[in-house]
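Each value in this text was obtained by applying a stated rule to the coordinates, not by laboratory testing. Remember, it's a predicted structure, so these values are computed and weren't measured experimentally. For neighbour counting, all protein chains shown are included, and Cβ atoms are generated from backbone atoms with ideal geometry for every residue, glycine included.
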Amino acid sequence: MANSIIRTLIREIVRTFHSGKFTFSAFGKMFILEHVSGMEYRVTTETNADIGLRFMNERGNLRFFMA
């Protein structure tokens with residue numbers, strides 16, 4: 001079940017990031033892509049709670065990891 005949730009979030013993050021937007025909705029919640037530093041981004045909820053999912057933008061390819 002957890003893998004399915006993470007896959008859905010990653011799919012939405014990729015779609016949102018490549019479209020140039022920084023907010024998306026999944027599972028009835030609003031999520032925000034936030035630039036941390038350099039090429040690193042994190043995902044937060046609309047209440048600014050970090051969900052622990054980070055990604056790096058490496059020349060257009062996104063690499064995900066848990067924080």
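Below is a table of values for the structure above.
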{"quantity": "Sole residue being exposed (fewer than 13 other Cβ atoms within 10 Å of the Cβ) and either among the β-branched types (Val, Ile, Thr) or at positive phi (or both), chosen from Thr8, Thr16, Thr44", "calculated": "Thr8"}
{"quantity": "Output for the stretch 55-67, where each listed residue is outside any strand (DSSP E or B) and touching a Lys or Arg at 6+ places or on another chain (Cβ under 9 Å)", "calculated": "Ala67"}
{"quantity": "Residue, farthest from Met66 (Cα to Cα), within the stretch 1-54, restricted to residues that are hydroxyl-bearing (Ser, Thr, Tyr) and assigned to a loop (DSSP other than H, G, I, E, B)", "calculated": "Ser19"}
{"quantity": "Within the stretch 52-67, tally of residues that are surrounded by 10 or more Cβ atoms within 10 Å (Cβ to Cβ) and either farther than 13 Å from Ile13 by Cα or of a type in the set (Phe, Trp, Tyr) (or both)", "calculated": "5"}
